[in-house]
Amino acid sequence: MTIGLRRLASNAAANVANGAASAGFQLCMTGLMARTGQARDLAVWSLAASLASLAPLLGCNLSTAVARRLAGVGGIERRPDAVMAAASSLSRRLALIGGGVGLSMAVAVPFVYPRIVEPHPIAAAATVLFFFVGSSWVVSAQAAQGWLLDRHRNWPYAGAGLAGRTLALVLALVALLAGLPAWAMVFAASAALWLAMPMLRRAVPMPTRHVEPAALAAEGRALFGIALGFAIWAAVSAAIQGATVPLVAWLAPHQAAPFFLAFTLVTVVVGAVMAAANALVAPIAGLLARGDRGGANRVAIRACVITWSGFNFTMVMLYLLLAPLLHAWTGAAHVDATQVRPYLAWLALQHGIRSTAIVPSIVLATGAEPATMLRSALPEALVAVLVGLPLGLHYGPIGLLAGLVAAAATGSIAVGWISSHHVLDRPSRSAVASLPRLVAALATVTALGWAGAAWWGTMR
């Protein structure tokens, strides 16, 4: 199935709208928590939201695996009914696993973060559990999202997410105005998020005819093999990114709230850029399925420049407008711009470098074998563990972020090289417009641009 420029732009707009809805929900919930009148509520919410950001990773990017199978990437015979039946079953199991993970986190939180959850550890644990389970709706939606990706119909998923999040915010606001505690606000919002699922089921036809057990088992194995590679990849990403806020809260509990605000702003921008870039999943999968690796390479190079430019331009605007933005966002909150700005600069440096690898990562997700995806994630993980953690233990949050910057640079260059040599056309030595060289050049420009701001903000 081919896709025109207009449809590609429409799908990118749908992904951006979905990312904006997710970001708006996160920003508005944070603003509501900042207005409960209790500084502890904002700290607990920052912890719950950061842990809940790991929930979508449990989906193992099954939607892309489904889109790959439906597009015929890899040359395996396509069986759409069997693909959807197997994907639906797998997504339900992953959602159940997510519930267990959320419960485990809730039990551990009072013991790992006693200074944050006191004097109401049970309420804090309930907040963590409720929001993690609420955020897991995207795991259950993976099969439907994959079907929509393959058909270049991204708006139904975006619309369902927007409706669920809007209702969640309305219920949270009602709970705040009624004087209910913070955990009740989170419970109401989390329950409303799952209302997106009935809307998706109406938009995506599930298999109605009987699927042969042999075909169902074969598709289950194929999807599981692809999803396993994504799962390991996601676990590495979670260990590096999703654990950053909890690590900072553990290293410096008094810095949890300002760091979370900076982290949220950066996450919003990253999410929007990645959402727009994810519109390339189906076109690149189609090009690779037809064997047009040169065409996929040209698309990747152009898209890489666009995503990098969009991220860094937006982050510069946020950095310059941080003080009025924080005032409008959190009102009379318990942090100010001087506390948030150093973290924002360091995170912009880290994720500005990582933005160069967004498109190469999509190339890997659409065309690489699971083992190749795992190899692409290892360099960043090793540097984060061997450099980032020791620096964090010795120098605190800034040391941790400095180590993560080094990890981001290593990982981005590795992803660019592996995607080019294992999925796209391998560039010749004389080629100037090659993906690995482009990633290295953009990462260098990012480092030169943001390093000064990060250092100046830290040393003030």
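The values are calculated or read from the model by the stated rules, or taken from the named source; none is laboratory data. Only a predicted model underlies this, so the values are computations on that prediction, with no experimental measurement involved. Cβ atoms come from the backbone with ideal geometry, glycine included; neighbour counts cover every protein chain shown. Remember, those area values only see protein heavy atoms, side chains included, never the ligands or the DNA or RNA. Shrake-Rupley method; radii C 1.70, N 1.55, O 1.52, S 1.80 Å.
Key figures for this structure:
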| read-out | value |
| --- | --- |
| Scan of the stretch 78-101 for residues that are of a type in the set (Gly, Ala, Ser), more than 17 Å from Leu54 (Cα to Cα) and open to solvent by less than 20 Å² (accessible area, probe 1.4 Å), ordered by number | Ala82, Ala86, Ala87, Ser88 |
| Residue match in the stretch 273-292 (condition: in contact with a Phe, Trp or Tyr (Cβ under 8 Å, 6 or more places away or on another chain) and either closer than 19 Å to Ser412 by Cβ or surrounded by 24 or more Cβ atoms within 10 Å (Cβ to Cβ) (or both)) | yes |
| Among residues of the stretch 399-410, those that are of a type in the set (A, V, I, L, M) and either more than 13 Å from Ala451 (Cβ to Cβ) or not in a helix (DSSP H, G or I) (or both), counted | 3 |
| Verdict on Leu148 being in a helix (DSSP H, G or I), buried (at least 24 other Cβ atoms within 10 Å of the Cβ), among the aliphatic types (A, V, I, L, M) and touching a Phe, Trp or Tyr at 6+ places or on another chain (Cβ under 6 Å) | yes |
| Only one of Ala175, Ala192, Ala196, Ala188 that is at pLDDT 85 or above, among the hydrophobic types (A, V, I, L, M, F, W, C), over 23 Å from the mean Cα position of the chain (by Cα) and open to solvent by less than 20 Å² (accessible area, probe 1.4 Å) | Ala175 |
| Qualifying residue in the stretch 125-146 (condition: free of Cβ contacts under 8 Å to residues at least 40 places away in the same chain and over 22 Å from Ala218 (Cα atoms)) | yes |
| Single match in His152, His120 (criterion: on the phi > 0 side of the Ramachandran plot and not small (Gly, Ala, Ser)) | His152 |
| Count of the stretch 362-408 residues which are within 21 Å of Leu435 (Cα to Cα) and open to solvent by less than 30 Å² (accessible area, probe 1.4 Å) | 15 |
| Members of the stretch 102-119 found to be of a type in the set (Val, Ile, Thr) and loosely packed, with under 15 Cβ neighbours inside 10 Å, listed by number | Val107, Val112 |
